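Worksheet for the structure shown next.
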Amino acid sequence: AGESRVGGTPDTVKRYVGLGGDVVVASGAGVRSGILDVDYEAAGARIVADNAAAVSGADVILSVRRPEASTLAGVKPGALVVAIADPYGHEAELAEVAKTGASLFAMELMPRITRAQVMDVLSSQANLAGYRAVVDAAAAFGRAFPMMMTAAGTVPAARVFVMGAGVAGLQAVATARRLGAVVSATDVRPAAKEQVESLGAKFIAVEDEEFKQAETAAGYAKAMSAEYQQKQAALVASHIAKQDIVITTALIPGRAAPKLVSAAMVASMKPGSVLIDLAVERGGNVEGAVPGEVVETANGVKIVGHLNVPGRLAATASQLYAKNLYAFLETLIDKGTKSLAVKWDDELVKATLLTKDGAVVHPGFGGAQPAASAA
């Protein structure tokens, strides 16, 4: 019910048809992304009544979120299902999908390597979430963002603090800067400092020895020691008290969102201040954030916990996500014979394949990778 995005656009439909595909779209699938059934038909797709009719007989099923096992009832054995699968903590649901006989691929597990950049759904969607976070903050904030010098007096620039300088955070920094705010940001990864400063924002962090080693080989933030967290929290607490807007973006794959902003920090902020929690679906970075709600505290601070923030820009999010899907699916198709030809030992396939031949096969979720086999 909360999903407004769609896994294909007229542009990608044309491309699939060019690869030899017979494309079927469930009626109304693209409406909330601004795409009508007639747009898909003009691109070469067939419109069918519903999801069940679209799934029936399909060799490949493209979805935004992992389909329920019930949605895949009667699916063709060995059909490829490509989606944002949200596997962490959902092993039981994966097992149910496995029983359908479908091969489920999780787009968010795509390795961070050069050839897979165009398939990186986390980046394409987080980029939009970071932009939208600032737009939502501006809408909830009762003042202007830029400094304005008028005959009636000077309006000071809003102070924006971004916590987490990954893809979403850096886009939030850039967007807030474009709107004229005074921006600062923090992150536990040393590489983030240069990126934040290159966008014209001030970097806030305890830069000790632990900080210098705080990044995994995959480019994610490491969990920090309790001692470091205490030092960083003290620095952040004094900084937050002076801010008008705080945007939190911190997530570590497979873990609950770290609590970065305590109730005491929220209470220290001025009335009318706004906190945007982009991690609310994973438990939230802000104490007091409620998924899907805007909470106003006793001291007049708004804590915004919108769900599916990329979906608040559904047309653009769908455009980028559909391109991510196409880029991946293209590698699974033999252009000469115009047929599916999955290379099961390819690093992209091995990294993203969750279920195959009736079992969960990803080692990260209780399975063992299958031996290479014919498509």
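Read-outs throughout are calculated quantities, based only on the coordinates presented, and are distinct from any laboratory measurement. Nothing here was measured: the structure is a model prediction, and the numbers come from that model. Reconstructed Cβ throughout: ideal geometry from the backbone, glycine too, with neighbour counts over all protein chains shown.
Which of rounded, prolate, oblate describes the chain, given a ≥ b ≥ c as roots of the alpha-carbon gyration tensor eigenvalues and a/c under 1.5 marking rounded, otherwise prolate only if a/b is larger than b/c?
Since a/c reaches 1.5 and a/b is larger than b/c, the shape of the chain is classed as prolate.
What is the distance, in nm, between label points placed 7 Å from the Cα along the Cα-to-Cβ direction at D86 and at A237?
Each label point lies 7 Å from its Cα, and together they span 3.4 nm.
To the nearest 20 debye, what is the magnitude of the charge dipole of region 20-113 about its Cα centre, counting +1 on the Cβ of each Lys and Arg and -1 on the Cβ of each Asp and Glu?
120 debye
Can you give the extra length, in nm with one decimal, that the chain gains between K222 and E197 once fully stretched, where that is 0.36 nm per residue apart less the Cα-Cα distance?
Computed gain between K222 and E197 is 6.9 nm.
Based on the alpha-carbon gyration tensor of region 208-319 and its eigenvalue square roots a ≥ b ≥ c, which shape applies: rounded if a/c is under 1.5, prolate if not and a/b is larger than b/c, or oblate?
Working: a/c = 2.15, a/b = 1.10, b/c = 1.96.
Oblate.
For the chain, set up a GNM with springs between Cα atoms under 10 Å and report which of A29, A315, A92 has the largest fluctuation.
Result: A92 has the largest fluctuation of those listed.
Give me the Å³ per residue figure for the convex hull around the C-alpha atoms of region 101-229.
On the way: hull volume 21.3 nm³, N = 129.
Here the figure is 165 Å³ per residue.
Only residues of region 7-33 count here: report those whose backbone N is under 20 Å from the spot 7 Å along Cα→Cβ of K343, or say none.
Of the residues in region 7-33, 19-20 have backbone N under 20 Å from the label point off K343.
Quick one: compute the contact order of region 250-332, relative version, from alpha carbon pairs under 8 angstrom and 6+ residues apart, as a percent. Kindly include the intermediate steps, with their values, before the conclusion.
On the way: 114 pairs, mean separation 20.5, N = 83.
After rounding, I find 25 percent.
Taking a point 7 angstrom from the Cα of S70 along the C-beta vector, which residues in region 21-64 have backbone N less than 15 Å away?
In region 21-64, the label zone of S70 (backbone N under 15 Å from the point 7 Å along Cα→Cβ) covers 51-52.
Run the dipole for region 86-244 about the Cα centre, Lys and Arg Cβ at +1, Asp and Glu Cβ at -1, nothing else charged, and hand back the magnitude in debye, nearest 20.
That gives a dipole near 640 debye.
Under a 10 Å cutoff between Cα atoms, tell me which one of A151, A176, A138 has the largest fluctuation in the Gaussian network model of the chain.
Result for the chain, Cα springs under 10 Å: A151 fluctuates most.
For region 73-133 and region 305-365, what is the separation of their C-alpha centers, rounded to whole Å?
6 Å
Let's test the formula: R0 of 35 Å, r as the Cβ-Cβ distance of D22 and I252. What FRET efficiency results, to the nearest 0.05?
On the way: r = 41 Å, r/R0 = 1.17.
Working from the Cβ atoms, E equals 0.30.
Given R₀ = 30 Å, what would the calculated FRET efficiency be for I113 paired with D59, taking r from the Cβ atoms and rounding to 0.05?
0.65
Pull up the DSSP beta bridges for the chain and report the antiparallel fraction as a percent, rounded to 5.
Rounded to the nearest five, the antiparallel share is 30 percent.
Which lysines have a Cα lying under 18 Å from the Cα of K338, excluding residues fewer than 8 positions away in the same chain?
Output for K338: K14.
According to the square roots a ≥ b ≥ c of the eigenvalues of the Cα gyration tensor, what is the shape class of region 31-137, taking rounded for a/c under 1.5, prolate for a/b larger than b/c otherwise, and oblate for the remainder?
oblate
In region 250-304, which trypsin sites (Lys or Arg not before Pro) are in a loop and have at most 14 other Cβ atoms within 10 Å, using DSSP for the loop call?
Working: sites: R255, K259, R282, K302; in loops: R255, K259.
When the trypsin sites (Lys or Arg not before Pro) of region 250-304 are filtered for loop state and at most 14 Cβ neighbours within 10 Å, R255 remain.
Between G164, G364, G336, which gets the highest mean-square fluctuation from a Gaussian network model of the chain, Cα cutoff 10 Å?
G336
Set the Förster radius R0 to 56 Å, insert the Cβ-Cβ distance between D50 and S262 as r into 1/(1 + (r/R0)^6), and round the FRET efficiency to 0.05. Numbers along the way, then the final one.
Working: r = 46 Å, r/R0 = 0.83.
The value I calculate is 0.75.
Please tell me the relative contact order of the chain in percent, rounded to the nearest whole number, where contacts are Cα pairs under 8 Å and at least six residues apart. Can you show the working numbers first?
Values: 751 pairs, mean separation 69.7, N = 375.
Answer for the chain is 19 percent.
Would you list the membrane-span-like helices of the chain, meaning whole DSSP H runs whose alpha-carbon atoms span at least 24 Å along their axis and whose mean Kyte-Doolittle value is at least 0.0? Please report the intermediate quantities before stating the final value.
On the way: long enough: 121-140 (28 Å, 0.73).
Counting only whole DSSP H runs, the qualifying helices are 121-140.
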